[in-house]
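A.B. asks: Take this structure first; my questions come after.
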Amino acid sequence: MSIGSNRRRLMWALVFLLPNLLGFLVFTAGPVFISLGMSLTDLSLTEHNAFSDSEVAFVGLDNYAKILSGSEAERFWGYMWNTLYLMAGIPVGIAGSLALSLLITSKIPPERPRHKLRLSLLVVVITAVSAWVVYQVTSPGPAPLSDGVVMSTEAGLSDLTAHEVSTIRSSAGVLGVAGVGLIALMGVLFGSTFFRTAFYLPSLLAGVPMFLLWKALYRPDGGLINASLDPVIDGVHGVVRSTPGVLWKVLAGIGVLVGAWVCLRMVASGVRKLRDHEAGVASFLGRLALVATLALVVAGCAQVLWSLPEMAASASAAGQDGFDPPEWLVSREWAKLAIVIMGVWLGVGGANMLLYIAGISNIPPELYEAADIDGAGAWQRFINITWPQLAPTTFFIVIMSTIGGLQGGFEQVLLMTGGNYDTTVLTYYIYQLAFTDGFQLGLASAVAWVMFALIFAMTLINYRFGSGLTND
Amino acid sequence: MRALLLSLFAVLCALTVVAHTLVLPEERDGGAVTDAYFAVGDDVEHPEVRALMDGFRAHCDELGLPAFGRFGELVTLEDAALRERYRAAFASYYELQTGRVLTDTVRLVWSTDANPAREVQMSLFRAWHLREYGQPVDITTDPSNRELTKSIVQSVAGAGPDIIEYIGASELRDLVDAGIALDITDYASEHGFGVETVFEAARSGVARANEAGEMRLYGYPCNVGYTVCLYHKDQFAQAGVSAPTGGWTIDEMRRVGEAIMSTEGMVGNPRFPFMNLGAGDAALGAGARFFPETTGAYSVYNSPETVAGLRAFRDLMYVHRTMPRPAEAASMSASTAGGFGSDVAGSAPGLFAQRAISMYIGGRWEYVTFAIANRDRVIVPAIDRRLSELTAADPEAALLRTARASLLRDVLVPLPEAADRAYRACLTEEDRAGLLHIGAVHVPTVTGIPYYAVTARGALINRALERDDPQRLTYALRFLRYLGSEAYNEQINGTYDSICGRVEYCVDEDGVSGPPRPLPGLEGFDAPVFTEAMLEYADPWQLSPYIGRGRLNTLVNEVLERVQANELTPEHAAARAEEAINRQIIANVREGARLRARWERETGIDVDALVVGLREGGEDVSLRVQIERLMRGGGAS
């Protein structure tokens, strides 16, 4: 190919790239650098604009000082904590994505038509029996002759009797069981294609509709989540009240001992592998993180078990039949956790799952064949082949999720709590500073750049340790 | 490949041209302006318009259009094709006579909400303008840009609306500070709608003092907003309790609530007797103040009055169970919510309309909710029942059909007297018992003295018009004058859009001036309590130049939501809120040289003498204590 031809090709390539490049410069790179400049000024939309003659002043790093250690520091760090709290669901979401992708890529439904038919029939029978049991347990029976009208949260503003409300709840239970049965049946009939579609569906809908749906699910009294939890926690209350309190204390103690033993074993095993050069430092640190998480979970469960007798006594003393269900989006104790749980649900079946599916399908089958010949079990195959082979994918997912987590939370907070109940996150804070609280564009830009620095730093840390992990 | 890409590029260009020429241009047929001419055609006095309308009648004869009685009939002609023929005939006649095209009429843009009442208000403006000035003007709303942030961002970028709607003194302050609001003081005084014509409590929502302390008018009220206590008359009657005639205490309200809840078989089976009182309002009602009377330099929120109000509020939820807790309120809400005062409050009218709540704090604008409930549950079924008994040719049936159609189209539009009488006659005693009978009383407070924090929903003029388009500015100024006119203010009161802002058009001998015949059961919405609230007990929003309303709300709400959740005692809440406000004020003052100079001039002390988090003798010394100590000249902190 001649030089002239190459030049022409280059020119045409540039011509076709130009619109995108211009768009990037004008609408992305330009504003980014302008915002950096803004963060060094006292720019306020109400004070510095076409109608005003006051000059924008260069304030150096004052905005940054104000955020990090000045008058906005308490607010900034508080919102930073909230942001990090909402990111607590990321590891769970990633683990869930991995689990789902493993399930989907394994051969769940039988391939022979006869077996498929048998399994389908089994699913139908189990579903029918379960639905019948749910109906028998929850159905309110025939309507009483005199039944006062109550407010029904399920039915909006219509006047329903208590019997009708119970019937609606019972029907919802039966429908729920039928729905689960239908999903299982579809899985048997259509295999992983159905599950891939079903699990990815929330990602197609994610955003405002999902947040509003979850807001409805989280209604403290009458929302589907608490309606389902109510009988369970009331049952626990009944069991706790009818058993000696000391039993729960003993259970808590046993839980702590078992948890401590497991954690110590894991740490000891990690130390041994590190010493014998069977694993690297990154792997050891990952193990420590897992141990710390496990210890926290065990401690939390033990504390709940320990406190159960007092909680039950207190609820009974207050004349309640059971424990109060969580006040999800309308209390400081639960609001953040509610958003985390929703985030996990949305994250499990999303793009991360697809990335893991792609990663799993790229693992050479010879590795599994070799493992089979060596007599490796399923767990050993996972630990020694799947997990290391997926390390680059996991590394990518962790980086992207961390960046997404630090940048995220805005819509959830805006739509679900309005920033109330200590749920304001950094992105919402930027919005408040820039558009609802004095139009302080300079200060808001500074917060954005501090966020950028944090994201950049976390990405570097991830890169440093993540790279090591991929080489393990 | 290259040809394919170039073809794609060409298609994109073609689509852009199509979008630009066919989709983007607004559809303007001048119909609204023509209707304005028809609306005034029968009684307009302006000589040019009179001559035009008389000439048009003759022109119609020449064109062979069917003869008509009054011009007003043309606006509501049922035959849409014929109506369009009259409109087209008028447009061509107008062009012939004036040399101008109707579709070129100046069209003002008003950033307001998508309330259907705005259509009526705009029609009134077009007609009013013709009567007053003999010139046509058009107007349209821009509901998607109603929000303050958008108004400011677009206006400073030179793309703002002509007339900007805003809520309250804090938004007015932002718009004035941004230099967007046009000072209309002189024009308004000259044309008889100066600040003195507005309810005193609402004046801070339309005017601001300048550096010299002189009040300057920037906006005019579209209406003024506040809430009273609405209650179900039938539930009160069944419980054997009477509604208070003046102010009443929260304890008195609670006892009434207990009587209602303990009455066997209470209609509607209410779940709670009371709803929708906010923590902040309870404190203000008890006499709490954010700032001293004479200065906004520091907060005095930590007071016995605040504590009493917050305690009463908390006890209503957690001790007496008179009012639902936040979680209960959220559950009862059909829409669910983030917290009190947000969309929980939005669902309250629905719950109240069900009688699930006996008393709740709501505004006069909620008339429409209850009117629709009564219409759908009782009135229309009663009309249908009566219609089924009549023959189609029966004159009563025609009246009932008119009433039914009008009520279903817009429940707020007053009916012709005969149709009104006809449908009321359909209602049996049983029907009337099924109607919502709603009364209005004062909001209960700790002291028994009513308190109302009032502000205006106002409109102001984008100052860019002064520079860019003096002709539009003239029309925009006239629009503000229209907001002060009798026609507009009567429309506001008559359609229960809260109450109007101009005192002289608001009050009559029975209370709020309204339509002559409110719907059955809802006569209470013209109760004297609405005017008493404005004239005797209303206060403007408390603002400080040293802290924005948005940040003030954030700081206070962060504390009050913990009182709502019963996580913080009223004493701690009041102290924390006050200290948080004062810390923010001090931080703001220290950061801005101009603000600092003003603050130090006002207080007479050096702001650097204050120590955040000061402790003396093992005790915290609040900023307020330090400020007051220094102001009294008693020792340095």
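A.B. asks: Would you mind ranking B:MET323, A:MET266 by Cβ crowding within 10 Å, fewest neighbours first? Provide the component values of the computation, followed by the final result.
C.D. replies: Numbers: B:MET323 28, A:MET266 16.
The most exposed by this proxy come first: A:MET266, B:MET323.
A.B. asks: Hey, can you rank B:51-58, A:411-418 by average C-beta count inside 10 Å, highest first?
C.D. replies: Numbers: B:51-58: 15.1, A:411-418: 21.2.
Per-residue Cβ counts within 10 Å, averaged per peptide and sorted highest first, yield A:411-418, B:51-58.
A.B. asks: Viscosity 0.890 mPa s, temperature 25 °C: give me the Stokes-Einstein translational D for the range B:174-272 in µm²/s, with Rh taken as the Kirkwood radius over C-alpha pairs. Walk me through the intermediate numbers first.
C.D. replies: Numbers: Rh = 17.6 Å.
Answer from the Stokes-Einstein relation: 140 µm²/s.
A.B. asks: If we restrict to alpha carbons, what Rg and Dmax does the range B:407-485 come to, in Å?
C.D. replies: 22.8, 64
A.B. asks: Can you give the mean number of other chain Cβ atoms that lie within 10 Å of the Cβ atoms in peptide A:432-439? Kindly include the intermediate steps, with their values, before the conclusion.
C.D. replies: Values: counts 3, 2, 2, 7, 10, 7, 8, 10.
Rounded to a whole number, the mean comes out at 6.
A.B. asks: Counting only other chains, and only Cβ atoms inside 10 Å, what mean value do you get across the residues of A:327-335? Numbers along the way, then the final one.
C.D. replies: Working: counts 7, 3, 7, 16, 10, 5, 2, 1, 2.
Per residue, the number of nearby Cβ atoms from other chains is 6 on average.
A.B. asks: Starting from the amide H of B:ASN223, placed 1.01 Å from N in the peptide plane, find each other amide H under 5 Å away whose residue is 5 or more places distant or on another chain.
C.D. replies: B:ARG457
A.B. asks: Ranked by Cβ crowding within 10 angstrom, fewest neighbours first, how are B:VAL529, A:VAL236 ordered?
C.D. replies: Working: B:VAL529 27, A:VAL236 15.
Sorted ascending by nearby Cβ count, the order is A:VAL236, B:VAL529.
A.B. asks: Once phi is turned into ³J(HN,Hα) by the Karplus curve 6.51 cos²θ - 1.76 cosθ + 1.60 with θ = phi - 60°, what whole-Hz value does each residue of the range B:74-90 show in order, with x for glycine and proline?
C.D. replies: Taking θ as phi minus 60°, the curve returns 5, 5, 10, 4, 6, 6, 4, 5, 5, 4, 5, 5, 4, 4, 5, 4, 5 Hz for the range B:74-90.
A.B. asks: Can you tell me how the range A:239-293 classifies by the Cα gyration tensor, rounded, prolate or oblate, using a/c under 1.5 as the rounded cut?
C.D. replies: On the way: a/c = 7.07, a/b = 3.64, b/c = 1.94.
In terms of gyration-tensor shape, prolate.
A.B. asks: Given Cα pairs under 8 Å that are at least 6 residues apart, what percent is the relative contact order of the range B:137-194? Show your work: numbers first, answer last.
C.D. replies: On the way: 25 pairs, mean separation 14.4, N = 58.
Normalised by residue count, the contact order of the range B:137-194 is 25 percent.
A.B. asks: Can I get the semi-axes of the range B:346-440's equivalent ellipsoid? Compute them from the C-alpha gyration tensor as square roots of 5 times the eigenvalues, in angstrom, largest first.
C.D. replies: Details: eigenvalues 153, 38, 20 Å².
Output for the range B:346-440: semi-axes of 28, 14, 10 Å.
A.B. asks: Quick one: what are the phi-derived ³J(HN,Hα) couplings along the range A:180-189, Karplus 6.51/-1.76/1.60 with θ = phi - 60°, whole Hz, x for glycine and proline?
C.D. replies: So the Karplus estimates, Gly and Pro as x, are 4, x, 5, 4, 4, 5, 4, x, 5, 6 Hz.
A.B. asks: Next question. Over the range B:359-501, what per residue volume does the convex hull of the Cα atoms give, in whole Å³?
C.D. replies: Details: hull volume 24.3 nm³, N = 143.
Looking at the range B:359-501, the number lands at 170 Å³ per residue.
A.B. asks: Here's a follow-up. What's the percent breakdown of Cα-Cα distances in the protein assembly as shown across 20 Å bins, shortest bin first?
C.D. replies: 9, 32, 36, 19, 3, 0
A.B. asks: In addition: Relative to the longest principal axis of the C-alpha atoms of chain B, give the angle of the C-alpha long axis of helix B:47-63, reported between 0 and 90° and rounded to the nearest 10°.
C.D. replies: 40 degrees
A.B. asks: While we're here: Return, for the Cα atoms of the range B:509-597, the radius of gyration and Dmax in Å, separated by a comma.
C.D. replies: 20.6, 60
A.B. asks: For the range B:447-521 and the range A:197-236, compute the distance between their C-alpha centroids and round to whole Å.
C.D. replies: 44 Å
A.B. asks: May I pose another question? For the range A:353-472, evaluate the Debye formula with one uniform point scatterer on each Cα (no solvent term) and list log10 I(q)/I(0) at q = 0.11, 0.13 Å⁻¹, rounded to two decimals.
C.D. replies: -0.58, -0.70
A.B. asks: Based on the Kirkwood radius over alpha-carbon pairs, what is the Stokes-Einstein translational diffusion coefficient of chain A at 25 °C with 0.890 mPa s viscosity, in µm²/s? All intermediate terms of the calculation are to be shown ahead of the outcome.
C.D. replies: Details: Rh = 27.4 Å.
Stokes-Einstein gives a translational diffusion coefficient of 89 µm²/s.
A.B. asks: A further question follows. For the protein assembly as shown, how many pairs of lysine residues have a Cα-Cα distance under 28 Å, where the two are 8 or more positions apart or belong to different chains?
C.D. replies: Working: A:LYS66/A:LYS336; A:LYS66/B:LYS150; A:LYS107/A:LYS116; A:LYS215/A:LYS336; A:LYS215/B:LYS150.
Summing the qualifying lysine pairs gives 5.
A.B. asks: 222 nm [θ] for chain B, helices only, -39500 (n - 2.57) per DSSP H run of 4+, per residue, to 500? Don't skip to the answer; put the middle values down first.
C.D. replies: Working: 28 runs with 313 residues, N = 637.
Dividing the helical sum by the residues of chain B leaves -15000 deg cm²/dmol.
A.B. asks: Going by how many other beta carbons lie within 10 Å of each one, how would you line up A:SER307, B:SER388, fewest first?
C.D. replies: Details: A:SER307 14, B:SER388 8.
Least to most surrounded, the residues fall as B:SER388, A:SER307.
A.B. asks: Would you work out the Kirkwood radius for the range A:338-405? I mean one over the mean of 1/r across all pairs of different Cα atoms, in Å.
C.D. replies: On the way: mean 1/r = 0.0739 Å⁻¹.
In the range A:338-405 this quantity evaluates to 13.5 Å.
A.B. asks: Order of B:369-375, B:172-178, A:130-136, A:316-322 by packing, highest average Cβ count within 10 Å first? Display every interim value, and only then the final one.
C.D. replies: Details: B:369-375: 20.9, B:172-178: 23.1, A:130-136: 14.4, A:316-322: 11.1.
Peptide ranking by packing, descending: B:172-178, B:369-375, A:130-136, A:316-322.
A.B. asks: Right, here's the next one. Go through A:365-378, B:612-625, A:86-99 and give me the packing order, highest mean Cβ count within 10 Å leading. Let's see the in-between values first.
C.D. replies: Values: A:365-378: 11.2, B:612-625: 12.9, A:86-99: 19.4.
Packing proxy ranking, top to bottom: A:86-99, B:612-625, A:365-378.
A.B. asks: Where the eigenvalues come from the Cα gyration tensor of the range A:195-347, what are the semi-axes √(5λ) of the equivalent ellipsoid, largest first, in whole Å?
C.D. replies: Working: eigenvalues 229, 163, 25 Å².
With the √(5λ) rule applied to the range A:195-347, the semi-axes are 34, 29, 11 Å.
A.B. asks: May I pose another question? Just for the Cα atoms in chain B, what are the lengths along the principal axes, largest first, rounded to whole Å?
C.D. replies: 97, 69, 68
A.B. asks: Once the range A:1-136 is represented by equal point scatterers at the alpha-carbon sites, with solvent omitted, what log10 I(q)/I(0) does the Debye formula produce at q = 0.13, 0.17, 0.18, 0.22 Å⁻¹?
C.D. replies: Those come out to -0.92, -1.14, -1.18, -1.23, one per q.
The numbers here are math on the coordinates, done by the rules we state, and not lab data. Note that the coordinates shown come from a computational prediction; the quantities given were computed from them, not determined experimentally. Using ideal geometry, Cβ is built from the backbone for each residue, glycine included, and neighbour counts are taken over all protein chains shown.
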